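Derivation of every value follows stated rules applied to the coordinates shown; laboratory data play no part. Here the structure is a predicted model, which is why all the values come from computation and not from measurement. FYI the Cβ positions are ideal-geometry reconstructions off the backbone, even for glycines, and counts take in every protein chain you see.
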Amino acid sequence: MTVDYVLKRLGMFVLIIFVAGTLNFAIPRLRPTNPVEERMNQLLQQAGGVHIANVEQMIERYEERFGLKNPLWLQYVNYWIALSRLDFGQSIAYFPADVTKEVRRAMPWTLGLVGVTTVMAAVIGSFFGAWLGWTRTPLAISFVVPLLLIVTAVPFYLLGLLMLWAFTVFWPILPGGGAHDPLLAPTFDLRTIIDIVEHAILPAGAIILSSIGFWGLGMRGMMVTTMGDDFIKLAEFKGLKERRIFVRYAVRNALLPQVTGLAINLGFVVSGSVLVEVLFAYPGIGNLLYTAITSNDYFLIQGVLMYVIFAVGLMLFIVDMIYPLIDPRIRYRSA
Amino acid sequence: MANTDTTNMSPQIAGTYDETIFEEESLGARISGTINRNKLLVSGLALMLSVVLFAVVGSAVIDPERAEVGFAKAEKEVADGSIQLRDAPRLRPSGEYWLGSDQFGRDVFAYVAFGTLGTLWMGFIAGVIGIGIGTLLGFLGGYFGGWLDAVVVVLSDALITIPGLMLLITISAYLDQLTVEQLGILIGVISWMGTTRVVRAQVLTLKNRVYVEVSKFNGQGDLEIVFTELIPNLAPFIAAAFVGAVAGAILLSIGLSALGLGPQNEPSLGLMAFWFIRFGAVPQGMWWWFGPPILVIAIFVVGLFMVTAGLDQIANPRLRTSV
């Protein structure tokens, strides 16, 4: 792995943040009228949930922060200066709560749910796919593959909905929403952990079930291609044990593209988790974004989006860094 | 008169020719041969077409009023003991209402037909626009190279990492009520990157082929080469990308609409998902309300997977033996 390669990938990461940040800056300004100002005026008229003094204070802060009287380029520069300090302003709906604080409170739930399920689905799916690519039993192929196809075909949130119906209405054994029992004190004892896991089973199950097919089918395709390669034939002619060929020769090489799959799948899972979280009232990033949108909380929307893109970009960068280390065939040289 | 003579004669000639040599080989056997060789592709296409057919025929035949709020009526006993025709939401499936009625008294079967049509139409628009932008940029980058190529690569690499649904949610937060067509255009505009990558990679390999060189020596312009030499060779890839783009757009739109951020005034499967999530179809156990749209989506996407797998088998013969 050369310095050149690392710099290139790092540049890509910076670029992703730059493009996303610029979009984030540009999208609200594409409207002829200022959506935030509209929203403030609306709040002023209602003066219901938020006191008038608060709204006036918000407008003041808002003017001061964004300096909308300034020329566009200056606004853009100020925007990046604020972003570099991870300052996304204050939430409109939860004023004067910091957007960053809100995001940080929701982040662990999503990281736990999406992180754990993605790793589990990748591991289970890959080994399942490896077995499907290796085995010569037509029964397994003609039954399991179509089943995987069907489960994968239903989007996360709809699969989640079906599971919700199956396990809370049809056969009520699991809790139907939230991340933990609201009556339970947030201490770290066995009972709390069991409670949290119990609440996570349905949303996690929906994500795992619908992404196992993605991993399994991808892995199976790679296994079939790898099994036709010359080095497998050589290993067979050498008289190596089948088990050794399977693990060391076939699976190891077929597994490599799956790592890239992890990077591609991540953004997809993060998106899908928005809906899963809303459906199961799970207090993560997706639910926060949903609340932000339904209450037109523009600063919160921007903050959530930037955090998510930052996280996905960072994951991609890490995968890019790991890939050359595990693939013996790739040696990056400066061309 | 001379014209009619020749037209009368030609089928006779063709007929004798077919009967003597090719009759068994040419039509029936060739079609069944193709089907046998590409079972996956053909059955996948059949699944997808069945959904399209259901939507088109269904919405042409069914009275649109059935999908309106408060359509479902049933005879009920009123307070004074007489039997009257009253609004009947939450009806179970029956002879008159094949898939029952929803919370608002819409006929679920009728609504699924109209909703599927709306969703497919939206996906079609998004697919056309996504493929259009994607192919154009892929060609520009791949064929002309240089800084143009660098811009295309960097832009598509950066945009492809931004979760599409997140971006779509953010954009829609700033827009007023969308129509189905506008949503299609919007999704097309933000999901061209996959096509660009495929087209660009293909153009890079194609543009140095001998027949392209020959056309250049013959004095054909760039535009002429693109249309006469490159596009015909790329057609299968563009077609595959189109199918993928339509399905991707449909799933994105359903995700967006299920959150209540999509078009609200025209029937679509996503809007239906929004209602059955919001109005508790699950706790009420109304499987006839949330089941059918999920089934339609599943059939369509399974069909899509099979088509993609079938195309893979044609491109990669190693996969063929083991399915």
Study note, to complete from the structure: Most packed first (mean Cβ within 10 Å per residue), the peptides A:273-280, B:202-209, B:44-51 order as A:273-280, B:44-51, B:202-209
Revision key, fill the gap. Counting other chain Cβ atoms within 10 Å of each Cβ in B:294-303 and taking the mean gives 4
Revision key, fill the gap. Lys and Arg at +1, Asp and Glu at -1: neighbours of residue B:157 with Cβ under 14 Å from its Cβ sum to +2
Check your understanding: Which whole number gives the average count of other chain Cβ atoms within 10 Å of the Cβ atoms across peptide A:156-165?
Key -> 5
Check your understanding: Averaged across the residues of A:18-27, what count of C-beta atoms belonging to other chains lies within 10 Å of each residue's C-beta?
Key -> 3
Revision key, fill the gap. Note, residue A:235: beta-carbon cut-off 9 Å, +1 each Lys/Arg, -1 each Asp/Glu, net +3
Check your understanding: Once the other residues with Cβ under 12 Å from the Cβ of residue B:216 are scored (Lys, Arg +1; Asp, Glu -1), what is the net sum?
Key -> -2
Point to revise | Under Karplus coefficients 6.51, -1.76 and 1.60, residue-wise ³J(HN,Hα) of region B:250-260 in Hz, glycine/proline x | key: 5, 5, 4, 5, 5, x, 5, 5, 5, 7, x
Revision key, fill the gap. If amide H atoms are modeled at 1.01 Å from N in the peptide plane, then the residues at a separation of 5 or more from residue B:73, or on another chain, having amide H under 5 Å from its own are B:88
Point to revise | Sequence ranges B:248-256, B:121-129, ranked by mean other-Cβ count within 10 angstrom, highest first | key: B:248-256, B:121-129
Study note, to complete from the structure: Taking A:164-175, B:300-311, A:219-230, B:70-81 and ranking on average Cβ neighbours within 10 Å, highest first, one gets B:300-311, A:219-230, A:164-175, B:70-81
Point to revise | Whole-number percent relative contact order across region A:105-294, with pairs defined as alpha carbons under 8 Å at least 6 apart | key: 37
Check your understanding: Once fully extended, how much extra length lies between residue A:244 and residue A:8, figured as 0.36 nm per residue of separation less the alpha-carbon to alpha-carbon distance?
Key -> 81.2 nm
**Study point:** Compactness of region A:105-294, expressed as Rg and Dmax over alpha-carbon positions, Å
**Key:** 19.6, 65
Study note, to complete from the structure: In order over region B:175-192: 3J(HN,Hα) from phi, Karplus 6.51/-1.76/1.60, θ = phi - 60°, whole Hz, x for each Gly or Pro, gives 9, 7, 2, 8, 9, 4, 5, 4, 5, x, 4, 4, 5, x, 5, 9, 9, 9
Point to revise | Under-5 Å amide H pairs with residue B:105, H placed in peptide plane, nonlocal only | key: B:70, B:90
Practice item. Report, by chain and number, residues whose modeled amide H sits under 5 Å from the one on residue B:178, excluding near sequence neighbours (fewer than 5 apart, same chain). Key: B:264
Check your understanding: lysines within cross-link reach of residue B:207: Cα-Cα under 22 Å, excluding same-chain residues under 8 positions apart?
Key -> B:216
Check your understanding: Which of the lysines could be linked to residue A:241 by a straight reach, that is with a Cα gap under 19 Å, when you skip same-chain ones fewer than 8 residues away?
Key -> A:233
Exercise for review: Round to a whole angstrom and tell me the spacing of the C-alpha centers of region B:180-226 and region A:238-259.
Suggested key: 38
Study note, to complete from the structure: Here region A:286-300 yields Karplus 3J(HN,Hα) values (6.51, -1.76, 1.60; θ = phi - 60°; whole Hz; Gly and Pro given as x) of x, 5, 4, 4, 4, 4, 4, 6, 5, 10, 6, 8, 5, 5, 5
Check your understanding: According to a simple spin-label model (label point 7 Å from Cα along Cα-to-Cβ), what is the distance in nm between residue B:73 and residue B:104?
Key -> 2.0
